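Worksheet: the structure to be examined is printed underneath.
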């Protein structure tokens, strides 16, 4: 492992500070970036200092991709696109879909 790697972490809430400390203990050089002071009240407001590994999933799975059309057509769905930007996104979409194999 290359412990000379320099890592930047955006956010100085509990998530950012905890990850920075873990990486520093592993020997990495870490720089924290935040628009506010470290530990400011706004830093962890959205996640309340909560790690949620149960909510982490690989989005480019074939079973998830099958649901994409319905998600895009639903007015309350989790996905939204600027339809005029779709042609520019096609190369990214193709790479995303090609990475849905279990091997990848």
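The values are calculated or read from the model by the stated rules, or taken from the named source; none is laboratory data. Fair warning: this is a prediction, and the values are worked out from it, not measured in the lab. Neighbour counts are summed over all protein chains in view; Cβ atoms, including those assigned to glycine, are modelled from backbone coordinates with ideal geometry.
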### Message
Which numbered condition in (1) surrounded by fewer than 10 Cβ atoms within 10 Å (Cβ to Cβ); (2) outside any loop (DSSP other than H, G, I, E, B); (3) within 19 Å of the chain's Cα centre (by Cα); (4) at pLDDT 75 or above is the only one that residue 54 fails?
### Response
(4)
### Query
Considering only residues of the stretch 1-26 that are more than 20 Å from the chain's Cα centre (by Cα) and at pLDDT below 85, which is nearest to residue 37 (Cα to Cα)?
5
